[in-house]
Amino acid sequence: MARKTRRQLLGQHFLHDKNIIKKIIEANQPEKSDLFIEIGPGTGALTFLLAERAGLVLAIEKDQTLIPALETKAPANVEVIAGDILRLDLAPLIERKRPGLSAVKMAGNLPYHISTQILFVLLEIKNSLTQAVFLFQKEVAQRLAARAGTKKYSPLSILLQNYFEAELLFFIKPGAFSPPPAVDSACVKFTRRQKPAFFPEEEDQDFSEFLKASFARRRQTLKKNLEKAGYSPKKISQALEEAQLKSPTRAEELEPQILYQIFRELKGADKERRDGLKSRQPL
């Protein structure tokens, strides 16, 4: 078996199509009041065009071999940061670099093999962000923008869309990259909502766990999945009845608001159970 090249190991596919680059720049809507965080600048195809219109660009690059050329070409408002986006603590970095700039935006041609992990970085700093424009593998992009009732609808779709409006802008053929990937790509824009759409931020962690359990086996009904996750069959039936769901239903068929209603019913039932156990304990 042939050994993978450095580019293959890092998932690097450098964008070179000028028309596509122009479309991505326009989707980002850079302004002089913007702080941009670019993930994986590569050869700087997006970086330097963003810098022409943005206030400051923080270009985070993991590949050490690309750093010298980026630093040599970088104008005064581009800061090249050598590091792994999955290991960097972005919150204090934003805090240090933001003074004088009103909006924080993210951009990047994401390595396909870690693109979903990077989205959890996006969620971690969601309260600082205005928007993000990323390139993904086409199938992943469709999943992020998916709605209830489709096969690509998932817990990640719901979590992201709770805080961001996800818009699939356009598809990109492999020939726009060097080396060309084996699949089509897509550009997705995330615009921060003024307030969460489906559930409050304080319940983020608990509801995330509920969603993982609900979608764990996509061919199974919601009731079966929740039973396997340890929820009481009786309480599940009651919660489904409260949501007016009488026929066997799968999680992928339900709008986020309905899933959240079921979660709240089960969470309330679990609290009652725990309170009851406490009241029966001897003093």
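The values are calculated or read from the model by the stated rules, or taken from the named source; none is laboratory data. Here the structure is a predicted model, which means the values were calculated and not measured. No Cβ is skipped: glycine too gets one built from the backbone with ideal geometry, and neighbour counts run over all protein chains shown.
Structure notes:
- Long-range neighbours under 7 Å by Cβ, at least six apart or interchain, first residue touching a residue at least 60 places away in the same chain (Cβ under 8 Å) and under 12 Å from L160 (Cα atoms) within the stretch 185-198, second surrounded by 16 or more Cβ atoms within 10 Å (Cβ to Cβ) and charged (D, E, K, R): R192/K126
- Segments classed as helices (runs of 4 or more DSSP H), wholly inside the stretch 161-266, with at least 3 members that are modelled with pLDDT under 95: 233-242
- Among residues of the stretch 59-81 that are of a type in the set (F, W, Y), none has a Cβ under 9 angstrom from a residue that is not in a helix (DSSP H, G or I) at a sequence gap of 6+ or on a separate chain.
- Only one of F48, F36 that is assigned to a helix (DSSP H, G or I) and touching a Pro at 6+ places or on another chain (Cβ under 8 Å): F48
- For the stretch 10-68, a residue qualifies if it is surrounded by 19 or more Cβ atoms within 10 Å (Cβ to Cβ), within 14 Å of V80 (Cβ to Cβ) and β-branched (V, I, T), and the qualifying residues are I37, I39, T47, V57, I60.
- For the stretch 74-118, a tally of residues being closer than 20 Å to Q12 by Cα and in a helix (DSSP H, G or I) returns 7.
- Candidates S157, S128, filtered to the one that is surrounded by fewer than 18 Cβ atoms within 10 Å (Cβ to Cβ), under 18 Å from T191 (Cβ atoms), out of contact with any Asp or Glu (no Cβ under 8 Å at 6 or more places or on another chain) and hydroxyl-bearing (S, T, Y): S128
One line per residue, one yes/no per condition, for (1) touching a helix residue (DSSP H, G or I) at 6+ places or on another chain (Cβ under 8 Å); (2) among the aliphatic types (A, V, I, L, M); (3) farther than 27 Å from S33 by Cβ:
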position	(1), (2), (3)
K73	yes, no, no
L122	yes, yes, no
L129	yes, yes, no
Y153	yes, no, yes
